[in-house]
Amino acid sequence: MAIRQIDKLDFKDKRILLRLELNVPLKDGKVQDTTRIEQALPTVKFLLKGGASVIIVAHAGRPNGNVVEELRLTEIAKEMEKLLGHKIKKLDEAIGKKVEKEIEKMKPGEIIMLENIRFYPEEEANDIKFSKTLASYADYFVMDAFGTTHRAHASTHGVAEYIPAYAGILVSKEIHALSPLLEQPRRPITLVLGGAKIWSKIGIIKNFIAKADHILLGGGIANTFLYAQGHYVGESLFEKDKVDIAREIMLDCEKNHDQLHLPEDVIVADEMSDDAKTLNVPVTDIEGDAKIFDIGPRTAEKYAQIIKNSQTIFWNGPMGLYEHPPFKKGSETIAKAMAETYGTAIVGGGDSVDCIKRCGYKREDFTHISTGGGASLEFLAGTMLPGIEPLLK
Ligand code: ADP
Ligand code: MG
């Protein structure tokens with residue numbers, strides 16, 4: 001996928017509207033985790049070094065078009081200022097007279113951060129007038145919020161209609177890491193999918209039915225497939241309204257090269273807790289009100305072997321309720337195999353990334369860790385993302 005990148009752009013003395021992904025966890029207005037802020041720094045530094053002035057646009061939380069005091073970007077700006085070692089002028093609005101005045105005064109090397117863009121209903125509505133106003137603030141638009149590229153909003157998509165759009169360093173990295181999965185990946189290709197909700201993963205499964213050598217299922221989503229296959233799943237989490245689609249996918253996989261793998265054994269328990277009593281049973285032996293909370297060791301070992309024998313692996317969604325130690329082992333075995341495989345190992349998804357951290361692995365242990373869970377899934381589902389489409393050459 002060929003995109004326009006900022007390394008090809010002369011932005012000396014230019015004003016750049018820079019969309020960043022700074023949606024970090026906040027508690028009592030304070031930033032709890034600075035990962036996303038750190039990941040945004042290379043592009044900001046690159047633009048400043050090249051003599052630009054930078055207007056940062058970002059969102060936090062889901063204010064749904066209203067001003068929500070706790071979701072102001074003030075603390076995020078302060079945190080970024082510290083990490084960057086450079087003054088950031090945080091404004092309390094994103095558009096309007098005051099903002100315009102401040103932008104007019106800007107000199108090269110200066111940074112302004114606009115207020116939470118989702119305080120404006122026009123943002124999520126991808127409003128034309130709002131997009132034009134944002135575009136009028138700058139000479140170029142730089143998109144570096146990979147985690148929001150699957151949203152057709154004014155500051156991710158609309159604005160690119162009116163000024164030239166370029167990909168920032170983070171978005172470029174993501175596209176370079178993920179597009180080989182769609183364009184001639186090294187085989188065997190394996191998808192490992194878990195987590196709680198099937199709907200977010202149907203697109204990627206369908207797109208890979210003809211491409212993947214193995215699709216390994218775990219987590220809550222595997223339960224729906226087990227049920228569709230005719231297994232009793234007790235009180236396990238599963239999506240009844242997705243049983244038909246699960247059957248359809250299983251049939252399609254059979255027609256291709258039978259690459260769908262479901263758990264053969266699972267860990268069941270009565271309760272979700274740190275000291276739950278667990279039982280390892282074959283999927284044919286689930287009884288009463290048992291709940292499946294992890295894949296079993298036999299399944300995990302089989303999945304690990306497949307991962308180690310693959311050349312390209314993408315993992316999204318934990319294999320179990322990893323937040324509780326008794327149900328973490330399945331995901332731990334997968335994380336270990338992902339870290340050890342000689343293949344290209346890519347991980348996406350907020351909980352999956354949290355899970356590998358809790359298992360003691362670092363980012364460097366994998367080929368690539370995507371900064372956007374939903375965005376990476378939609379990208380790999382093969383749909384053109386609204387935040388990426390304007391960046392194509
Ligand atoms: P990601 O954020 O990596 O995309 P998801 O959000 O889809 O992953 O799913 C993660 C959640 O799924 C976790 O909270 C995990 O506890 C839950 N989960 C995984 N397996 C099960 C299971 N068998 N039963 C209930 N919840 C599960
Ligand atoms: Mg999640």
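Read-outs throughout are calculated quantities, based only on the coordinates presented, and are distinct from any laboratory measurement. Owing to the predicted nature of the structure, the values given are computational and were not obtained by experimental measurement. All Cβ positions, even for glycine, are placed from backbone atoms using ideal geometry, and neighbour counts span all protein chains on display.
Of the residues Gln32, Phe225, His157, the one whose Cα sits farthest towards the positive end of the charge dipole of the chain is His157 (charges of +1 on Lys and Arg Cβ, -1 on Asp and Glu Cβ, taken about the Cα centre).
In this label model, Asn256 and Asp13 are separated by 5.4 nm, measuring between points 7 Å along each Cα→Cβ vector. Based on the Kirkwood approach, the hydrodynamic radius assigned to segment 6-173 is 15.5 Å, with every pair of different Cα atoms included. Restricting the GluC sites (Glu not before Pro) of segment 286-393 to loop positions (DSSP other than H, G, I, E, B) with no more than 14 neighbouring Cβ atoms within 10 Å leaves Glu287, Glu323.
Note on the chain: Cα-only Rg and Dmax are 22.6, 71 Å. For Ala152, no residue whose modelled amide H falls within less than 5 Å of its own remains once neighbours fewer than 5 places apart on the same chain are excluded.
Run through the DSSP bridge list for segment 185-380 and note the antiparallel percent, rounded to the nearest 5. Mind showing how you got there, number by number?
Details: 9 of 27 bridges.
Taking every DSSP beta bridge within segment 185-380, about 35 percent pair in antiparallel fashion.
Which one of Gly61, Gly372, Gly168 has the biggest mean-square fluctuation once the chain is modelled by GNM with Cα springs under 10 Å? In this elastic network of the chain, the residue with the biggest mean-square fluctuation among Gly61, Gly372, Gly168 is Gly61.
Largest GNM mean-square fluctuation across Ser200, Ser155, Ser370, computed for the chain with C-alpha springs under 10 Å, falls on Ser200. Each part reduced to its alpha carbon centroid, segment 5-30 and segment 128-192 end up 12 Å apart.
Please give me, ordered by residue number, the trypsin sites (Lys or Arg not before Pro) of segment 140-246 that lie in loop per DSSP and have at most 12 other Cβ atoms within 10 Å.
Details: sites: Arg151, Lys173, Arg186, Lys197, Lys201, Lys206, Lys211, Lys240, Lys242; in loops: Arg151, Arg186, Lys197, Lys211.
Hits after loop and neighbour filter: Arg186.
Normalising the average separation of contacting C-alpha pairs (under 8 angstrom, six or more residues apart) by the number of residues puts the relative contact order of the chain at 16 percent.
Dipole size of the chain about its Cα centre, with +1 on Lys/Arg Cβ and -1 on Asp/Glu Cβ: approximately 1580 debye, rounded to the nearest 20. Across segment 14-20, coupling constants 3J(HN,Hα) worked out from phi with the 6.51/-1.76/1.60 Karplus curve, θ = phi - 60°, read 9, 9, 10, 8, 10, 8, 10 Hz, and Gly and Pro carry x. Distance between the 7 Å Cα→Cβ label points at Asp270 and Ser136: 6.7 nm.
Kindly flag which residue pairs out of Lys89/Lys132; Lys27/Lys197; Lys14/Lys82; Lys242/Lys362; Lys45/Lys132 have an alpha-carbon separation exceeding 29 Å in this structure.
On the way: Lys89/Lys132 23 Å; Lys27/Lys197 26 Å; Lys14/Lys82 24 Å; Lys242/Lys362 35 Å; Lys45/Lys132 26 Å.
From Lys89/Lys132; Lys27/Lys197; Lys14/Lys82; Lys242/Lys362; Lys45/Lys132, over 29 Å: Lys242/Lys362.
Sites listed here are GluC sites (Glu not before Pro) in segment 189-254 whose DSSP assignment is loop and whose Cβ has at most 15 other Cβ atoms within 10 Å: Glu235.
Please label the shape of segment 185-380 as rounded, prolate or oblate, based on the square roots a ≥ b ≥ c of the eigenvalues of the alpha-carbon gyration tensor (a/c under 1.5 means rounded; beyond that, a/b larger than b/c means prolate, else oblate). Write down the numbers at each step before the final one.
On the way: a/c = 1.63, a/b = 1.16, b/c = 1.41.
Oblate is the answer for segment 185-380, as a/c is 1.5 or above yet b/c matches or exceeds a/b.
The H on the amide N of Gly168, modeled in the peptide plane, is under 5 Å from the matching H of Met143, Asp144, each at least 5 residues off or on a different chain.
Note on Arg187 and Leu237: the model spin-label points, each 7 Å out from Cα along the C-beta direction, lie 3.5 nm apart. Under 5 Å from the amide H of Val192 lie the amide H atoms of Leu216, Phe314, Trp315, Asn316, each residue being 5 or more positions distant or on a separate chain, with H modelled from the backbone and absent for Pro and chain starts.
Before rounding to the nearest 500, sum -39500 (n - 2.57) across all DSSP H runs of length at least 4 in the chain and divide by the residue total; then give [θ] at 222 nm in deg cm²/dmol.
Working: 13 runs with 136 residues, N = 393.
Calculated mean residue ellipticity at 222 nm is -10500 deg cm²/dmol.
For segment 295-312, backbone phi angles converted through the Karplus equation (6.51, -1.76, 1.60; θ = phi - 60°) give residue-by-residue couplings of 7, x, x, 5, 4, 4, 5, 4, 4, 4, 4, 4, 4, 5, 8, 9, 9, 9 Hz, Gly and Pro being listed as x.
How many percent of DSSP beta bridges within segment 6-173 run antiparallel, rounded to 5? All intermediate terms of the calculation are to be shown ahead of the outcome.
Values: 2 of 19 bridges.
Within segment 6-173, antiparallel bridges account for around 10 percent of the total.
If you place +1 on the Cβ of every Lys and Arg, -1 on the Cβ of every Asp and Glu, and leave all else neutral, what size is the dipole of segment 234-393 about its Cα centre, to the nearest 20 Debye?
On the way: 17 positive and 28 negative charges, 155 e Å.
Roughly 740 debye, rounded to the nearest 20.
Applying 0.36 nm per residue to the separation of Ile128 and Tyr342 and subtracting their alpha-carbon distance, the gain on full extension is 72.3 nm. Along the charge dipole of segment 185-380, which of Asn316, Leu251, Leu262 sits closest to the positive end, that is, farthest toward it, with unit charges on the beta carbon of Lys, Arg, Asp and Glu (+1, +1, -1, -1)? Result: Asn316.
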